[in-house]
Amino acid sequence: MSVRRVRFEYYEVCCKEKNDKTSSPDRLFDLRRWISKATKKSLEARTFDYRDEQARLDRAYYDLELENWFMHFVRLRDTNIPSKATKQSEVEPFELDDDEYLGEDVSALYDEDHHILMLQRNRYSLGPEGIEEYLNLLWDSDDEYIYLRPIISPNIIKEAEKAEFYRRLNVRFANLDPEKFKTKSDSPLGEFIKTFGKYKGVTAEITVTLGRTRGTSLDRETIHDTLIEIEENKEYLQKAEIAKKDSQDTSVEVIDLIEHKAHDFAYFTLEKRSSLQHETVAYHMWKKYIEEERKSDIIAYLQGE
């Protein structure tokens, strides 16, 4: 058996209408309209080319028991096919018939009351940009463009401060004016900014890491001071990430300190030669969002609380 960690991210489903200005506020999009159109099409009709491969919506349905909408997207690939072997034979190609593909799954939960999409992340399948592209390919409208607006956690600095171990810090500066950068006199970051100013440049990047050393952390007090400085100087930062562990037993998590997407994790135990089924993922999404009351947090984020 193996344990697989799956990440879920939260998005607000929005759209721009044809005559909207770039500065116009977000319009909320009722994804049930899209589901209604999609489910009237055959599997073949809702399969579209995607980056030299294909993508499609396998299923979209309302679960009467869980009282939520669920969708199952698949990336269909016929390139970079793995090989297979037995204990007695050499490795040989895993052959597919002309109409066969390897499917990489992504599940989604849709909260119709708040236009919130909870999306599974799978590095081999469709990411949020791919889902957004697919939504518009199927919608096929000149009047509306659908997009997924990331829901941002407003308290990410406080969340980062709770970590027990810090493994890596990465900061990239842009349009930096050392004279205006707010920092403490004894801050390592402040010393770097001061030195950087001598070059008369405007862009720089620093990375501090422990490398492969385990069970240790970058100095927590210094990191906490740096987190405050990052919060106070966001206008000069193009990127700021911290790799943290909340305890010795948890996995390393990389946090975007500038635009941190609201997200959660779930852990699944898989038997050998088995795959993670959509129904299993969908139930855990519902459990996290509804039963564990994550929904109230996400709605609060949308309201700026």
- Task: Scan segment 4-29 for residues that are under 30 Å from Ala266 (Cβ atoms), open to solvent by 40 Å² or more (accessible area, probe 1.4 Å) and in a strand (DSSP E or B) and report the count.
- Result: 4
- Message: Being of a type outside the set (A, V, I, L, M, F, W, C) and over 25 Å from Glu12 (Cα atoms) is the filter here; which residues of segment 236-269 pass it?
- Response: Tyr236, Lys244, Lys245, Asp246, Ser247, Gln248, Asp249, Thr250, Ser251, Thr269
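What about Ala282, is it touching a residue at least 40 places away in the same chain (Cβ under 8 Å), in a strand (DSSP E or B) and more than 16 Å from Lys162 (Cβ to Cβ)?
For Ala282, the condition - touching a residue at least 40 places away in the same chain (Cβ under 8 Å), in a strand (DSSP E or B) and more than 16 Å from Lys162 (Cβ to Cβ) - is not met.
Can you confirm whether segment 8-30 contains a residue that is more than 24 Å from Arg149 (Cα to Cα) and among the basic types (Lys, Arg)? Walk me through how you get there before you give the answer.
The first filter runs over segment 8-30 and keeps only residues more than 24 Å from Arg149 (Cα to Cα), leaving none.
No, the conditions are met nowhere in segment 8-30.
Results for (1) touching a Leu at 6+ places or on another chain (Cβ under 8 Å); (2) modelled with pLDDT of 90 or more, shown as yes or no for each residue.
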{"position": "Tyr61", "(1), (2)": "no, yes"}
{"position": "Glu65", "(1), (2)": "no, yes"}
{"position": "His72", "(1), (2)": "yes, yes"}
{"position": "Leu76", "(1), (2)": "yes, no"}
{"position": "Ala85", "(1), (2)": "no, no"}
{"position": "Ser89", "(1), (2)": "no, no"}
- Please name all residue pairs, on different chains or six or more residues apart, with Cβ atoms under 9 Å, provided the first residue is in segment 224-251 and is in contact (Cβ under 8 Å) with a residue 60 or more places away in the chain and over 18 Å from Phe165 (Cα atoms) and the second residue is open to solvent by less than 30 Å² (accessible area, probe 1.4 Å) and of a type in the set (Gly, Ala, Ser). Ile230/Ala240; Tyr236/Ala174; Leu237/Ala174; Gln238/Ala174; Lys239/Ala174
- Item | Residues (β-branched (Val, Ile, Thr), surrounded by 11 or more Cβ atoms within 10 Å (Cβ to Cβ) and in contact (Cβ under 8 Å) with a residue 40 or more places away in the chain) located in segment 196-221 | Val208, Thr209
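Look at segment 2-56 and say how many of its residues are on the phi > 0 side of the Ramachandran plot and over 22 Å from the mean Cα position of the chain (by Cα). Talk me through it step by step, then tell me what you get.
In the first step, residues of segment 2-56 are kept if they are on the phi > 0 side of the Ramachandran plot; the result is 51-52.
In the following step, the residues that additionally are over 22 Å from the mean Cα position of the chain (by Cα) were identified as 52.
Adding up the residues that qualify gives 1.
Looking for whichever is in contact with a Cys (Cβ under 9 Å, 6 or more places away or on another chain), open to solvent by 20 Å² or more (accessible area, probe 1.4 Å) and farther than 13 Å from Leu227 by Cβ here; the options are Arg149, Arg172. Which one fits? Give the steps one after another, and end with the answer.
Values: Arg172 fails: in contact with a Cys (Cβ under 9 Å, 6 or more places away or on another chain).
Unique residue meeting the criteria: Arg149.
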- Note on the structure: Expected output for segment 176-195 (first residue closer than 12 Å to Asn233 by Cβ, partner of a type outside the set (A, V, I, L, M) and surrounded by fewer than 16 Cβ atoms within 10 Å (Cβ to Cβ), Cβ below 8 Å, 6+ apart or cross-chain) is Leu176/Gly201; Leu176/Thr203; Pro178/Lys194; Pro178/Gly197; Lys182/Glu232; Gly190/Lys184
- Message: So if I check each of Leu227, Leu237, Leu257, which one is within 20 Å of Pro188 (Cβ to Cβ), in contact with a Phe, Trp or Tyr (Cβ under 7 Å, 6 or more places away or on another chain) and open to solvent by less than 50 Å² (accessible area, probe 1.4 Å)?
- Response: Leu237
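The values are calculated or read from the model by the stated rules, or taken from the named source; none is laboratory data. Every value quoted in this text rests on a predicted model; they were computed, and no experiment measured them. Positions of Cβ are backbone-derived with ideal geometry, glycine not excepted, and every protein chain shown enters the neighbour counts. Surface areas here come from the heavy atoms of the whole protein model, side chains and all, with no ligands, DNA or RNA. Shrake-Rupley method; radii C 1.70, N 1.55, O 1.52, S 1.80 Å.
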